[in-house]
Amino acid sequence: MELDPDICYRALSARDPRFDGRFFVAVHTTGIYCRPICPARTPFRKNITFYPTAAAAQEAGYRPCLRCRPETAPNIGAWRGTSNTVSRALALIEAGAMDDDDVEALAARLGIGERQLRRLFQEHIGASPLAVAQTRRILLAKQLIHETGLPMTEIAMAAGFGSTRRFNDTFQHLFGRPPSALRRRGAARDGSALELTLSYKPPFEWDAIVGFLAARAIPGIETVSPSLYRRTFSIGGSTGTVAVSHEPARNRLRVAVRLGDVGALPAILSRVRRVFDLGADPETIAAHLSTDPVLAPMVARRPGLRLPGGWDGFELAVRAVMGQQITIAGARNLLGKLVAAYGAPIAGGGEGLTHVFPSPASLVDAEIAALGMPGARGRAISNMARAALADPSLFERAASLDEAIAKLCAVPGIGEWTAHYVAIRALREPDGFPASDIGLLRALAEDGVRPTPKALLARAEAWRPWRAYAAQHLWTHDFGTLEAKKEKFSNRQDVKTPSSDDGVAPAAS
C-alpha cells in the first residue's frame, strides 16, 4: 500500500482528523507509533516513518502510543476493493480465526496458498497475517485495560492470548511494564455490563441506520429507540445482550455488553462493526460514486450513508426469505412468531428482550409454514438451516463474491436476489448488487421507463467496487419518493409500504 510521505507529514503537522486511521506514524527516537492526530509535539521529518496499518508499524518493532491510543483509531478499509482476498482474511482474523489456527489454516479457508496470502498481506497491509493477528490481540487487550474493570486473566482470554503468561510477557516486551501498570483509575463499568467504544470515520448517518434497524426490529430479539439499539445474541454457547449508543461529538459508538463468557467479546465487537458499517471510508466511497450524475445529488444529501449489516448470516437469510413480497410490518410479525415458537428464552435480557434467534438446528424440521406463510417459503428456510449445518462457512467471507452467490443459490428456494442481499448485509461484500431489484430499477427510471436488469448491470460497472453503496443510495432515494407519493395519496387504501427483504422491493425501504 503506497503512502506519500509529504502528504502524510503535512496531515500530521496539521493534526488533520480526515487522515485518522489512514496511516500511522512511527517515531525512530522513541520507538512508538501514533495516530496522525496525536497531541504530542510533531517529530522532525527525518525521525519518522509512515505505515499504512498499526500491524505494519508493530511488526517493524514499534509499540503503540499510550497518549493517542492507536487501538481507538477508526478501522477504515482503505484496502477494500483492492484485494478481496485480503478483505476476507481480515474479516476472519477480526472474528478470531487465528487465535487457535495458523497462517496455513487461514490460507486454506480462503482457498489459496500460504505464500500467496503472505505476499498479498505484505502488498496491501504492509505486515504479515500473523502480525495482524498479534496486533489485534494486543490492541484489544490494551483497550480492555483502559476502558474496563475486567481482571487481567479475563482480558487475556477475551483478547485471544493463549495464556496469562503469554499475555504478561507480550506487554512486558512491548511496554517495559506489566499490563496492570497501564490501567487507569476508575475503569468504566456499568453494573454487570462491559463497556467499550468503537470509532468510525465521519460523516456517519446515525439517524438513517438506526431508523432502518428500528423498522425491522424483531420482537423479543431487538428494541430500538432514536438513541439506543439493543439486542440479544448467542455466540459459541454464550448468550447475552448488547446495547449500542452514539457519541457523535467523539465520532464513536459506545457498546455495553452483558455476557457470561468474555471469550465471545471479539466476535461481538466484530458484529457491531458489521451492523453499523464502522469500517467504511465515506469520503472515498462518496468521491467515487459522485462521478455518476444521477448518484451525485443523492450522495451529497447523505454523505455518511452506511450499509446496515446483519448481526448473523443465518438470521439475515431467514429475514430475507420470510419477508418476501410482504410489508415490513408483516415480516416483523412473522419473525416474532418464529422467535416465540423456536427461539431459546433468555433470562435477564431486560424489557422487550426475551429470546435469542432460533438456531439452524431448531428450524431444520420445523413446520414454519404453519406460522402463516406459503409452504415453499417455509421449506426454503428449512433448506437454508440444513445448508448452514452442513457448511459452517456458508456465511463467512471466505470466497469471492461470485462464489458466495453461487453457494447461496445452490440452496433450494434461494434465488439470486436473496443471495446478493445476504452477501451485502451479512458477508459485507461492498460490490454486491441485486440488479433485478425493483427498487433499483424504479429509482433509475427515465420518463417512466425502467432500465432492464442487464442495462442496470452495465451501468453499475462504473460503480465498482462500491456497487452495494450505490444500491443503498438508490434504495433510500426510491423509498423517499414512495413515501412522498404515499403522503400525497394518503386516502388511497392500495398503497403498501414495500418490504426490505422481499425479492422485488427495495432493500433499504
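Bear in mind that the values in this text are calculations on the coordinates, not laboratory data. Just so it is clear, the structure is predicted and the values come from calculations on it, not from any experiment. As a convention, Cβ positions derive from the backbone with ideal geometry for all residues, glycine included, and neighbour counts pool all protein chains shown.
Would you mind finding the longest exposed-site-free stretch of the chain, with exposed GluC sites (Glu not before Pro) meaning DSSP loop and at most 14 other Cβ atoms within 10 Å? Mind dumping the intermediate values first?
On the way: sites that count: E2, E351, E367.
That would be 3-350.
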Could you tell me the number of lysine pairs in the chain with C-alpha atoms less than 23 Å from each other, where the two lysines are 8 or more residues apart or belong to different chains?
6
Assertion target for F204, F212, ordered by fewest C-beta neighbours within 10 angstrom first, is F212, F204
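Which order do V422, V242 fall in if you start with the one that has the fewest other Cβ atoms within 10 Å?
Working: V422 28, V242 22.
Lowest count first: V242, V422.
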Grab the other residues whose beta carbon is less than 12 angstrom from that of T135, score K and R as +1, D and E as -1, and report the net.
+1
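With a Förster radius of 22 Å, plug the Cβ-Cβ distance of R464 and S290 into 1/(1 + (r/R0)^6) and report the FRET value to the nearest 0.05.
0.90
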Computed E for T30/A445 - FRET, C-beta separation, R0 45 angstrom, nearest 0.05:
0.15
Add -39500 (n - 2.57) for each DSSP H run of 4 or more in the chain, then divide by its residues: what number comes out at 222 nm, to the nearest 500 deg cm²/dmol?
-13000 deg cm²/dmol
What residues of the range 375-417 lie in the reach of a label at A341, counting those whose backbone N is under 17 Å from a point 7 Å from the Cα along Cα→Cβ?
375-386
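Just need the relative contact order of the chain here, percent rounded to a whole number, with Cα pairs under 8 Å and 6+ apart. Before the final figure, lay out the partial values.
Numbers: 883 pairs, mean separation 62.9, N = 509.
Normalised by residue count, the contact order of the chain is 12 percent.
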Rounded to whole Hz and in sequence order, give me ³J(HN,Hα) for the range 194-205 from the Karplus expression 6.51 cos²θ - 1.76 cosθ + 1.60, θ = phi - 60°, writing x for Gly and Pro.
9, 10, 9, 10, 10, 8, 9, 8, x, x, 9, 7
Give me the distance in nm between label points sitting 7 Å out from Cα along the Cα-to-Cβ direction at A267 and A455, one decimal.
4.7
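When N counts the residues of the range 196-488, how does its alpha-carbon radius of gyration compare numerically with 2.2 N^0.38 Å, as a ratio?
Values: Rg = 18.8 Å, N = 293, 2.2 N^0.38 = 19.0 Å.
Taking the Cα Rg and dividing by 2.2 N^0.38 Å, one obtains 0.99.
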What nm value, rounded to one decimal, do you get for the distance between A60 and I7 when each label is placed 7 Å out toward the C-beta?
1.7
Any idea which of W311, T164, A443 is furthest toward the positive side of the dipole for the chain, if Lys and Arg beta-carbons carry +1 and Asp and Glu beta-carbons -1?
T164
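Based on Cβ point charges of +1 for Lys and Arg and -1 for Asp and Glu, what charge dipole magnitude is obtained for the range 84-182 about its Cα centre, in debye rounded to the nearest 20?
Values: 11 positive and 11 negative charges, 47 e Å.
Roughly 220 debye for the range 84-182.
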